[in-house]
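Shown next, in structure tokens, is the structure this report addresses.
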Amino acid sequence: GIYEGMYLDCKSALVVVLSVLLSLSLMNFLSMKGSGVYAFLGAFAVSRHVLYDGPLVSWPAIVSLAAAPFMAFILSSALNYLIRKAFDKKGIHLITLSSYMRIAVVSAVILTSAALGLNWGGFILGTGMMAYPDSMSLVCAISLCIIALVLFIYMFPIGRKTCNPSGSFEDFSIYSVVSVGIAVATTILFFSFDCTTSFLGLVPMPLSVSALVFAAIAGASVAQKSKLVETEEYVREAVSMVAAPVLSAIFTYLLLSFTLANKSFTPSVTVFI
């Protein structure tokens, strides 16, 4: 639905990727971690509006993006409660319980990986099919590859030190790990198909794993009756999820408006890159 009637030439695609990179870089400068997926959605929405006079806001898409974290919250809370009740009543030995939970965690990771392939696969494929070749296609394609590589390194940094769980995360039980993993995977799968989302009047959407994980952790916290993440972290994540598409949309609008007014601008940027 987000790609319907929308095609970008390579120069416009270059503007989209640049806008996403600028928005994520600005958020990183402000010590905020935004979603690259949501940043792309904001850029696509503005591109469709500027180039094809399409609707700037798709309410089914907005509702779906808002419903996904809520679904992860409910599922995680319910799963945490049910798993805890089921195993506590049986009095299973700790070693046996650890073995069961290990299998559950590995299964959740595999399920999440498969779900991401289904959810992001169509998003990436659709993004690639939106761009059609033109006289600058080769140069722009090379530029896009370079920027995409920079974006990949930015989103998945190599060699950066990781922090050990501390503070409230010490209370993160194995039940919470399993419930969060399964809730995130199930939510991603649900929003990957028309046949599932149509039951609730929603639409399939590419989702941010970070947003779903935070929502699922909140659900586990409610079921476990303990504060796993500080409130300010939830606020920071919520602001980041909104800021990423908004900033990307603003950058896309400014760059597209400038390139439409100055035809030589994009070739100049491409040569510079």
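The values are calculated or read from the model by the stated rules, or taken from the named source; none is laboratory data. Because the structure is a prediction, the values reported are computed rather than measured. Cβ sites come from the backbone with ideal geometry, for glycine too, and all protein chains shown count toward neighbours. To get the accessible areas, we keep the full protein, side chains included, count just its heavy atoms, and leave off ligands, DNA and RNA. Shrake-Rupley method; radii C 1.70, N 1.55, O 1.52, S 1.80 Å.
For the range 74-90, filtering for residues that are modelled with pLDDT of 90 or more and open to solvent by less than 60 Å² (accessible area, probe 1.4 Å) leaves 5.
Out of the residues in the range 194-214 that are within 20 Å of TRP59 (Cβ to Cβ) and without any contact (Cβ under 8 Å) to a residue 12 or more places away in the chain, which is surrounded by the fewest Cβ atoms within 10 Å (Cβ to Cβ)?
Once the filter is applied, the top-ranked residue is PHE199.
Exactly one residue among VAL20, VAL105, VAL57, VAL63 is over 15 Å from VAL209 (Cβ atoms), at pLDDT below 85, out of contact with any Lys or Arg (no Cβ under 8 Å at 6 or more places or on another chain) and part of a helix (DSSP H, G or I), and that residue is VAL105. Can SER35 be described as at pLDDT 80 or above and either open to solvent by 60 Å² or more (accessible area, probe 1.4 Å) or of a type in the set (S, T, N, Q) (or both)? Yes: the conditions hold for SER35. Suppose the filter is in a helix (DSSP H, G or I) and within 13 Å of the chain's Cα centre (by Cα); does PHE199 pass it? For PHE199, the condition - in a helix (DSSP H, G or I) and within 13 Å of the chain's Cα centre (by Cα) - is not met.
Among the residues of the range 172-189, what is the count of those that are aliphatic (A, V, I, L, M) and closer than 16 Å to VAL229 by Cα?
3
Considering the conditions (1) at pLDDT below 80; (2) surrounded by 16 or more Cβ atoms within 10 Å (Cβ to Cβ); (3) out of contact with any helix residue (DSSP H, G or I) (no Cβ under 7 Å at 6 or more places or on another chain), HIS49 is excluded by exactly one of them, (1). Being open to solvent by less than 40 Å² (accessible area, probe 1.4 Å) and either assigned to a helix (DSSP H, G or I) or more than 25 Å from PHE40 (Cβ to Cβ) (or both) is a property that holds for ILE217. Being closer than 25 Å to TYR81 by Cα and open to solvent by less than 10 Å² (accessible area, probe 1.4 Å) is not true of ALA223.
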